[in-house]
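The values are calculated or read from the model by the stated rules, or taken from the named source; none is laboratory data. Values in this document were obtained by computation on a predicted structure and should not be read as measured data. No Cβ is skipped: glycine too gets one built from the backbone with ideal geometry, and neighbour counts run over all protein chains shown. Calculation scope for accessible area: heavy atoms of the full protein, side chains included, ligands and nucleic acids excluded. Shrake-Rupley method; radii C 1.70, N 1.55, O 1.52, S 1.80 Å.
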Amino acid sequence: TGSFQSLENLKKEFYGLIENKAFHKYADIVNSPLATGNHIQSSKNIKNSFGVSGSENMKNSMRVLKNSRDSQDIYGLAGGELIYDCVAVSYDTNNCAFGFLCNTSMSNARYIALCLSSDNIFGCVGLKKKDYCILNKEYSKEEYLALVPKLINHMNALPYFDTKGRKYSFGEFFPIEFSPHSYNEAVAFDIFPITKSEALGQGYRWKEKEVRDYSITTKAQDLPDLIEDVPDSVISEVINCAHNSNCDQQCTTAFRISSDDIAFYRRFNLPLPRLCPNCRHYERLAKREPIALWHRSCMCDIENHGHNSKCQNEFETSYAPERPEKVYCEDCYKKEVY
């Protein structure tokens, strides 16, 4: 309708229907036998994983696609196999562990970062088209094969201990405290939001709120309700966020409307937002199901020989038990929908 208040009322009604009257399938799993998790398509034997397509034999992983297989503890994989404990290691990779941001025909690699098209490397950063390297130094095949077991034994004999006393020997990913990023400025915060005290307690860094001294020219509550009533001069205003930084969404306290923004809102007859971009981002994320599973029973009351009884099917679902939605098993959901 172009009205902010009307849109808010419709949202409230819509989410009320979702929570109180609609029924929900326990997970979005399609053509994927032996799968637990959510958003899994055309895959097989996927355990506790999310966002998987065209893959098989995966466990504890997220964002996996394009014929990936036989891997676990992955965030971001496309076309790899025998990958363990890696972030964004993709495209024809094979037998790699403890690495991040490496892709394109990698194989037989351990503890790697930002490497491309390299094989048989250990503890290397930024290599391209290299073979048999340790700490970025190239060796003969015989030297490499002799040195790597010695390094592994050394890592096990003299493990690294972080400030929390956690032990890092061979087989563990890079220590948390080596990360240059704070927890609340990483994607981790979007997926697994935790408080500052929880983050610091686990040894993560935490970025404090920036001191912002904007000169607010317009308050969010004073913006026109209808988009048709918004003047062109709004692009010159500094608008305060309706949250006023009283939230856990990294509020920027104020925002501006660009000329492209106002053209978009007018084109689709949408009212102006009242929240800063960060708060809008986290409001959207809050609508997603979490990257977690709970064991639950189907909530459908079925009719059996003239008597009503509760469905006995059980499943793993991203809908936590305390949530208000009615969650159905696959069979009951299909009966209701089809």
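When residues of the range 252-273 are filtered for being part of a loop (DSSP other than H, G, I, E, B) and farther than 19 Å from E8 by Cβ, how many remain?
4
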(request) Hey, could you check the range 22-47 for residues that are touching a residue at least 40 places away in the same chain (Cβ under 8 Å) and part of a loop (DSSP other than H, G, I, E, B) and say which is farthest from K335 (Cα to Cα)? (result) A27
(request) Go over the candidates F189, F173 one by one and state the one that is of a type in the set (A, V, I, L, M, F, W, C) and either touching a helix residue (DSSP H, G or I) at 6+ places or on another chain (Cβ under 6 Å) or open to solvent by less than 50 Å² (accessible area, probe 1.4 Å) (or both). (result) F189
(request) Please specify each residue of the range 245-273 satisfying the condition of being farther than 16 Å from G2 by Cα, surrounded by 15 or more Cβ atoms within 10 Å (Cβ to Cβ), among the hydroxyl-bearing types (S, T, Y) and over 27 Å from the mean Cα position of the chain (by Cα). (result) none
(message) Any residue that is part of a strand (DSSP E or B), modelled with pLDDT of 95 or more and surrounded by 15 or more Cβ atoms within 10 Å (Cβ to Cβ) - is there at least one of those in the range 274-286?
(response) no
(message) List pairs: first residue in the range 300-317 and part of a strand (DSSP E or B), second residue open to solvent by 100 Å² or more (accessible area, probe 1.4 Å) and at pLDDT below 80 anywhere in the structure, Cβ distance under 6 angstrom, at least six positions apart or on different chains.
(response) D301/N308
(request) Working only within the range 1-33, note down all residues that are of a type in the set (A, V, I, L, M), open to solvent by less than 70 Å² (accessible area, probe 1.4 Å) and more than 25 Å from the chain's Cα centre (by Cα). (result) L7, A22
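Restricting to strands (runs of 3 or more DSSP E) lying wholly in the range 72-158: which have 2 or more residues that are open to solvent by 20 Å² or more (accessible area, probe 1.4 Å) and over 23 Å from V52 (Cβ atoms)?
Once the strands (runs of 3 or more DSSP E) in the range 72-158 are filtered for at least 2 residues that are open to solvent by 20 Å² or more (accessible area, probe 1.4 Å) and over 23 Å from V52 (Cβ atoms), what remains is 107-113, 119-125, 131-134.
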(request) For I235, state whether it is in contact with a helix residue (DSSP H, G or I) (Cβ under 9 Å, 6 or more places away or on another chain) and among the hydrophobic types (A, V, I, L, M, F, W, C). (result) yes
(request) Would you confirm whether any residue within the range 227-239 is in contact (Cβ under 8 Å) with a residue 60 or more places away in the chain, more than 30 Å from E314 (Cβ to Cβ) and not in a loop (DSSP other than H, G, I, E, B)? (result) yes
